[in-house]
Amino acid sequence: MFASKLQIRLPRRITAYFLLFGMAALLWLSVAVVYIAHSVSESRSESASLRSVGQAGDRFNLAYLRNKSADFQPLLLEIRAQSRADYCAVVADSGEYLVHTTSAYKGKPAGEQGNVTDRWGEVVELQFVDDDGKAVREYRIPLKPGGKSLGTLRLGFAQTSIWGYLATGAQFAPFALFGPACCMVAGAVLVNRMVRPVADIEHQLYQVATSPSVESCDLREVPGVGAAAMGWNRVIQQRSSAGESESLQRRIRKTVEQGRHSRLDTVLNSMPDGVATTDADGRLTYTNLPMAVLLGLPGAIQGGDGANDSEGVPLMTEQLTKKWNLPETDPLLAVENRDRTVVTELTKEENGQRRITRVARHPIYIGEGGGQESHVWTIRDVTQQKLAEEMRDQFVDTATHELRTPLANIKAYAETLALADVIDVEQQKQFLNTINSEATRLARFVDDLLSVSSMELGSLSLNKQVTDLRRMLNEVLAKIRPQVEEKRLAFEVALPEKMPEPEMDKDKIATVLVNLLGNAVKYTPDNGRVVFRVNITDKHIEVSVQDTGVGIAADELDKVFEKFYRSNDPRVQEQTGTGLGLALSQEVVRLHGGKITVESEINKGSTFTMTLPLG
Amino acid sequence: MAKDKAKILVCEDNVALSGVICFNLVRAGFEVTSVGNGRLALDACEKGSFDLVLSDQQMPMMTGIQLCENLRQLPAHKHTPFILLTAKCMEIDFIRLQEKLGVSKALPKPFSPSELVACIEEALAVGCKV
């Protein structure tokens with residue numbers, strides 16, 4: 001819409017106007033000069049003429065008085081020369097030329113044409129156009145030599161018209177006008193040059209004004225040192241450097257983000273937990289390496305360079321169903337849980353081993369640049385944790401049972417004895433014995449519990465004393481024999497002849513042996529065999545307990561000494577046990593500087609060997 | 001007049017405890033059958049009928065609650081009163097047991113034998129509401 005008006009560029013117009021008005025001024029000036037010169041010379045000539053006429057009149061009068069009949073022509077010629085007139089004449093009162101510079105006119109009648117244009121005293125000025133068409137100015141002064149009127153003296157000046165002036169001036173004009181014209185042109189050039197930067201700027205701004213997108217305009221610097229040019233150039237520089245700095249910023253940001261990404265990637269890939277993100281449809285948009293492994297994917301999804309084609313990318317829940325038996329009823333699949341944090345546990349069997357994972361899904365709140373992600377997932381293998389928890393739970397169950405059962409017996413029997421009407425003495429004794437043994441059992445279990453606590457706290461201490469080894473062994477055997485007999489087990493005992501008297505915590509070592517023997521008896525079915533062997537060497541005491549019991553599976557062999565560990569073998573689970581006996585025993589033996597080792601074959605039996613250093 | 005003795009099945013793996021329970025129940029006038037685990041208890045229930053089943057909770061292979069669940073599958077014992085002896089009274093959701101399985105009472109260990117007898121008599125009187 002502005003286009004039509006922007007036909008002629010501004011600087012050209014400026015230059016044009018400059019030239020135009022300059023020339024006009026020059027012209028006007030020339031005209032004025034000419035006119036003024038003309039007027040000035042006119043008035044000068046006028047006054048000169050007047051003076052001349054006056055002088056001429058006087059001179060003539062004088063000359064006439066001197067000689068009336070002289071030839072006055074030379075005098076008139078002289079006057080004419082002096083006053084620079086065109087002609088000089090004396091016209092009698094009767095009207096004919098008495099004398100005339102042009103001798104031909106003598107005697108002829110003088111013309112009277114002409115208008116009186118001015119009057120100074122006696123002098124009259126007339127202007128007329130003569131027969132030749134020339135403009136004439138005539139000054140007349142009456143001649144009255146000696147008081148007697150003779151006629152008028154006429155002094156005629158050809159009028160130089162303005163054209164005459166111009167004609168004369170025309171010779172000088174080129175020279176006169178050359179100077180100013182040169183100045184004008186120089187001025188125009190200078191103006192043009194001054195204006196050029198503005199013109200360039202304006203041209204570019206014209207582009208900006210008429211193009212649809214400002215950004216796409218190619219704006220360039222303009223040459224020049226003026227404020228406009230420098231200002232514009234600076235703007236352009238800033239525009240391009242802003243553009244540059246913006247693209248630089250973008251590149252930096254991208255690099256930093258990539259750097260951060262790759263650092264984050266490294267960090268995420270170094271975690272044991274699996275981390276993943278999914279989009280609004282539940283498709284994986286990112287997985288770290290552990291997650292890829294956990295989900296059984298061919299590789300981690302760590303793109304950022306180019307979108308993965310979403311057909312190939314699996315749904316997280318599908319993957320979980322495939323690999324981790326995600327049940328249909330799981331809260332992860334409930335629609336109402338989409339915007340809530342969901343934590344669930346999934347179990348699977350792998351190579352006969354149970355593996356449990358904890359899956360947590362959190363919604364992502366789209367902040368700045370949230371992008372596609374809508375959920376973040378973490379998966380953690382909690383198998384160990386679960387096993388530990390389960391063992392602990394099992395222990396608590398067992399502990400409760402082991403504490404409450406003897407108590408129940410004690411209470412029941414005691415109350416029965418107290419309240420029943422008649423109980424025969426034998427039965428009474430039996431009941432009391434039961435109370436006694438249950439109390440003992442309870443006491444032992446409480447001791448175990450306390451020992452375990454000490455072990456946990458690291459405060460299990462030994463009361464080392466010189467011990468009669470033979471006596472201690474016999475006591476242990478005596479304790480275990482009833483149980484052996486109850487199960488009708490064959491019991492072999494091999495003790496050496498000479499027994500040292502080592503320094504040891506007698507009670508605790510006795511407990512260890514009772515534990516080992518008790519296990520052998522417990523886990524050996526009826527009619528089996530238990531062998532108790534003691535071997536003394538220079539440096540050690542070796543006590544081994546061998547049974548023909550259920551045995552221990554190879555993969556459990558190193559676990560049996562763990563606190564709370566109870567074998568998964570149902571034959572073991574059948575028996576009550578806290579899983580503490582071997583752990584405690586090992587600790588006690590370790591504190592003595594010894595060790596307990598085990599050899600076993602499932603279904604065949606086990607041999608536990610305690611080794612204590614001597615000396 | 002011979003009083004019809006109520007038949008009680010006692011399922012307890014601890015021998016000593018089983019002994020004192022049976023002693024007291026017999027003294028209280030019940031006819032007592034005692035078994036050492038849940039499997040044997042179910043066998044006994046299939047073969048005969050009982051007026052009440054008394055069981056320990058923590059037993060290997062089958063817990064007392066599992067025994068009750070299985071018991072309810074037997075047509076003869078759908079509504080037989082059931083008393084649970086347990087060392088873990090706090091963890092058991094007794095309301096659910098009562099509603100779903102018709103357990104009359106969950107008695108914590110250690111318990112008083114006379115209290116046990118009273119519970120049995122009450123359970124027999126009230127019957128099983130399931």
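Within the stretch A:536-594, the set of residues being within 14 Å of chain B (Cβ to nearest Cβ) and touching a His at 6+ places or on another chain (Cβ under 9 Å) comprises A:576 only. Pairs are defined by a Cβ separation below 7 Å, a sequence spacing of at least 6 or placement on different chains, a first member in the stretch A:99-125 that is in a loop (DSSP other than H, G, I, E, B), and a second member that is of a type in the set (Phe, Trp, Tyr); the pairs so defined are A:101/A:87; A:102/A:87; A:106/A:97; A:107/A:97; A:108/A:97; A:110/A:97; A:113/A:128; A:114/A:128. Listed by first and then second residue, the pairs with beta-carbon distance under 8 Å, at least 6 apart or on different chains, first residue in the stretch B:15-35 and within 7 Å of chain A (Cβ to nearest Cβ), second among the acidic types (Asp, Glu) and assigned to a helix (DSSP H, G or I), are B:16/A:438.
Of the residues making up the stretch A:382-409, those that are of a type in the set (A, V, I, L, M), more than 7 Å from chain B (Cβ to nearest Cβ) and touching a residue at least 24 places away in the same chain (Cβ under 8 Å) are A:382, A:391, A:399, A:403. Among the residues making up the stretch A:213-263, those that are in a helix (DSSP H, G or I), touching a residue at least 12 places away in the same chain (Cβ under 8 Å) and within 24 Å of residue A:202 (Cα to Cα) are A:228, A:229, A:232, A:233, A:236, A:237, A:239. From the list A:541, A:552, the one residue that fits, being closer than 30 Å to residue A:461 by Cα, modelled with pLDDT of 90 or more and of a type in the set (A, V, I, L, M), is A:541.
Evaluation of residue B:43 against the conditions (1) of a type in the set (Asp, Glu); (2) within 13 Å of chain A (Cβ to nearest Cβ); (3) more than 14 Å from the chain's Cα centre (by Cα) shows that the sole unmet condition is (2). The criterion of at least 3 residues that are within 17 Å of residue B:7 (Cα to Cα) and of a type in the set (A, V, I, L, M) is met by the following helices (runs of 4 or more DSSP H) wholly inside the stretch B:38-130: B:38-47, B:113-126. Only one entry of A:558, A:526 meets the criterion of being part of a loop (DSSP other than H, G, I, E, B) and over 30 Å from residue A:405 (Cβ atoms), and that entry is A:558. Residue A:107 meets each of the listed conditions (1) within 15 Å of residue A:155 (Cβ to Cβ); (2) in contact with a Phe, Trp or Tyr (Cβ under 8 Å, 6 or more places away or on another chain) apart from (1). Within the stretch A:32-64, restricting attention to residues that are among the hydroxyl-bearing types (Ser, Thr, Tyr) and surrounded by 15 or more Cβ atoms within 10 Å (Cβ to Cβ), the residue that is modelled with the lowest pLDDT is A:45.
The values are calculated or read from the model by the stated rules, or taken from the named source; none is laboratory data. In this text, all values refer to a predicted model and were calculated from it rather than measured experimentally. Because the Cβ atoms are built from the backbone with ideal geometry, glycine has one as well, and the counts that use them run over all protein chains shown.
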